[in-house]
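What follows is a single structure, written as structure tokens, with notes after it.
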Amino acid sequence: MKHKEKIKQWLWYFSFPAAAVLLYKLYDNFGEALGLIGKLIDVLSPFVGGFVLAFLLLGPSRWLEERFLRLNGKAWPKLARPLALFILYVVFLGALTAVISLLIPVLISSLTDLVNAMPEYLRAAQEKLQAWFAADGPLGMLHLQNPINNVYNYLIQAATRMVTTENVLTAIKSVGNVASSLINVVISFVVSIYMLAGREHLCRALRNFMSLFIRPRTLARLRHYTRRTGHIFSQYIYGALLDALVVGVVVSIGLLIFRVPYAVLLGMILGVMNLVPYFGAIVGGVGISFVALLTNGLPTAIGVAVYIVVSQQVDANIIQPRIIGDSVGLRPFYVLLGITLFGGLFGFWGILLGPPLMAVVQMAVREIYAHRAKKKEKAAEDAARA
């Protein structure tokens, strides 16, 4: 026991100067440090992917395992987890295969047709705008014909620059990396299985390692906060994905009713963009309405815009609260603050996970405030007794 306490003491003595040197080096070479962290994450991407997949499948795995443990028989305690993992991964891989084989070809075909037809749509849009803003047109008094032509020419030039030989060669080279990406995916699957199968052993090893640096009371509190943070993230991610699927299906059905081309593609795009709170739905709705304007005319575009606005209101006020529940529980101001702050720090993933990250910050602030209030109450009670 004394030997262990001595090791802890020497580790503490060493950690302070090491931390000071590390912070100084990070401040002095912040850009290089970020690049090094990025390279490290890229090298360990199979393990990062495995951890993310294990985190997402932890809830269903526990649920299945508990169902097997309720069955009578001496063999179930040993078979519960292997059977749960086997069924879970078979269902997951089956669903993934169904999506890839059924939905992806439809989306790729629609996207290809949309890209091929876009020059014609832009030409038709230019003709309509020129007619509206012509001298004898309904909006001729605004004198915007020349700026519109300039914008059209700029869009054509931008599209031409995108389809260059260099970009095509880059796309072909990226296809060559598919093999290594598939290997990383396979490794991620294997890592996630090992993590789920031996999660108690991994958590125990991590606690034993952290106990060398952290006191037991602090470690217990950190474990408590880690569990709550995991609950917030898992509930939010599952709810957001399910809500995106519902929105994508509902909007796709509406676009099919309005006979808008590429209805499934556009609906699923809006569902994915709905993962970004507030901004995603607005940008996606404007884009879909513009496509409806180019393909079906102004009355259909107005109908599509109204349908999207109504469906978004129903989703925001009825569907989303029931699916996501109180996993975030943030006011709109704090949601926007989280998107802005974490988006600026971590880019796309910060925007996507800004709300749950802000919910974790809110949880920590409330816990600190409650802890201080409790200490003040205890101090006041002790003073009153004295």
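The values are calculated or read from the model by the stated rules, or taken from the named source; none is laboratory data. Not measured: the values here are computed from a predicted model. In this analysis, Cβ positions are derived from the backbone assuming ideal geometry, glycine residues included, and neighbour counts consider all displayed protein chains.
Can you pull out the residues in the range 245-288 that are surrounded by 20 or more Cβ atoms within 10 Å (Cβ to Cβ) and either of a type in the set (Phe, Trp, Tyr) or not in a helix (DSSP H, G or I) (or both)?
Of everything in the range 245-288, those that are surrounded by 20 or more Cβ atoms within 10 Å (Cβ to Cβ) and either of a type in the set (Phe, Trp, Tyr) or not in a helix (DSSP H, G or I) (or both) turn out to be Val260, Tyr262, Asn274, Val276, Pro277.
Please verify whether Ile308 is in contact (Cβ under 8 Å) with a residue 40 or more places away in the chain and not small (Gly, Ala, Ser), treating the condition exactly as stated.
Against the criterion (in contact (Cβ under 8 Å) with a residue 40 or more places away in the chain and not small (Gly, Ala, Ser)), Ile308 qualifies.
Kindly state which helices (runs of 4 or more DSSP H) lie completely within the range 1-119 and contain at least 1 residues that are in contact with a strand residue (DSSP E or B) (Cβ under 9 Å, 6 or more places away or on another chain) and modelled with pLDDT of 85 or more.
none
Report the residue count in the range 235-258 for those that are more than 13 Å from the chain's Cα centre (by Cα) and either free of Cβ contacts under 8 Å to residues at least 60 places away in the same chain or more than 21 Å from Ile282 (Cβ to Cβ) (or both).
10
Do we find a residue being farther than 19 Å from Phe55 by Cβ and surrounded by 15 or more Cβ atoms within 10 Å (Cβ to Cβ) anywhere in the range 200-223?
yes
Please verify whether the range 307-317 includes one or more residues that are buried (at least 16 other Cβ atoms within 10 Å of the Cβ), under 19 Å from Phe279 (Cβ atoms) and at pLDDT below 70.
No, that holds for no residue.
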